[in-house]
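First comes the structure, then the notes that go with it.
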Amino acid sequence: MKNILISVFMIILGLAQATGQSLSSSVVSTAGSFYDQTGSSLSVTAGETLIAFHSTDNHSLSAGFQQSYGALLRALLVNILLEGPYNGTDMGVALNNDDLLPLNQPFNISPWFYTGSESVTNFPATVVDWLLVELRDADAPQNADETTTLVGWPKALLLDDEGNILDLDGNPEQFANTAEDNLYIVVRHRNHLDVLSNGPLALSGNSYTYDFTDAITKAYGGTLGYKQIASGVFGMVAGDSDADGEVSVLDFSTWASQFGGTGVYSKADNDLDGEVSVLDFSKWAINFGIGNPFSNPKFQIIYRSQVPGR
């Protein structure tokens, strides 16, 4: 025990001298203890002398071993719009108003099979729908495939009527940045094409920011998987009712099989008003591929998700 304490003290003393921090010590009970101070922490077992120090380099010390205890939390401030519910000013919240939004995240089915346990007891009044969000760590957007997804992601988050991505409490999501290169964000919705940010998230103060809504180039691949939804306003492409990453005749089949449904939370409800109607057909038809897929199997898809690896 004496050798361990000397080792712990010498390591801490060296760090403290390098950073100009002060030292303090105490003795803990036989049950052990955990000391926490701004910028540092120290866990100890029964009978060890507790020697604590203050540091600004995000590390802790336990029995003489230096280890990471977590990076500084950052806020995620990202704006994005869905074409379907966009009305020219903001997005409609009919699903929320009619109590049709599920309290548990809806991405636990095909094709996502997401196993997260996100749930709420109620929604802020401005929430439009759920999103499935990933952060990817890459040197360029074309290299930001699924293998670059940060640990702890994806997450099911909420989208409000002004396009803000929020946590389950209606606040900006907080996360610990462990990226080595640049942070890119992938945004998925039940019946809109997935998008990837074409540029890295920008660190401003204590927040990472990105605005998808002000240019077609904000989404990787541009017009191939993203579109202008109003003058000078850009958003995610509606009509991918089977969530396979493209707007095709298969999405029409999904819509047709559910046509006439009311008071529903459905992937075929492209405008998110709680009904599967001709209005949803119109959203699909605007974005549908050119040509007749039955007579010409090489018909052109207008919009396809450009997310690498999806």
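The values are calculated or read from the model by the stated rules, or taken from the named source; none is laboratory data. All values derive from a computational prediction rather than experimental measurement. We place every Cβ from the backbone using ideal geometry, glycine too, and count neighbours over all the protein chains shown. Just so you know, the surface numbers come from the protein's heavy atoms only, side chains and all, with ligands and any DNA or RNA stripped out. Shrake-Rupley method; radii C 1.70, N 1.55, O 1.52, S 1.80 Å.
For segment 175-195, the count of residues that are within 13 Å of N79 (Cα to Cα) and either without any contact (Cβ under 8 Å) to a residue 60 or more places away in the chain or open to solvent by 40 Å² or more (accessible area, probe 1.4 Å) (or both) is zero.
For segment 111-145, filtered to residues that are in a loop (DSSP other than H, G, I, E, B) and in contact (Cβ under 8 Å) with a residue 60 or more places away in the chain, the residue that is surrounded by the fewest Cβ atoms within 10 Å (Cβ to Cβ) is P111.
Against the list (1) surrounded by 19 or more Cβ atoms within 10 Å (Cβ to Cβ); (2) touching a residue at least 24 places away in the same chain (Cβ under 8 Å), the condition I286 fails is (1). The listed residues are S266, S257, S241, S305, and the only one of them that is farther than 17 Å from P111 by Cα and either in contact with a helix residue (DSSP H, G or I) (Cβ under 6 Å, 6 or more places away or on another chain) or modelled with pLDDT of 95 or more (or both) turns out to be S257.
Here are G274, G232, G221: which of them is open to solvent by 10 Å² or more (accessible area, probe 1.4 Å), of a type in the set (G, A, S) and more than 13 Å from L193 (Cβ to Cβ)? One residue alone meets the criteria, G232.
The residues listed here are D244, D214, D269; of these, the one that is more than 21 Å from P154 (Cα to Cα), open to solvent by 40 Å² or more (accessible area, probe 1.4 Å) and assigned to a loop (DSSP other than H, G, I, E, B) is D214.
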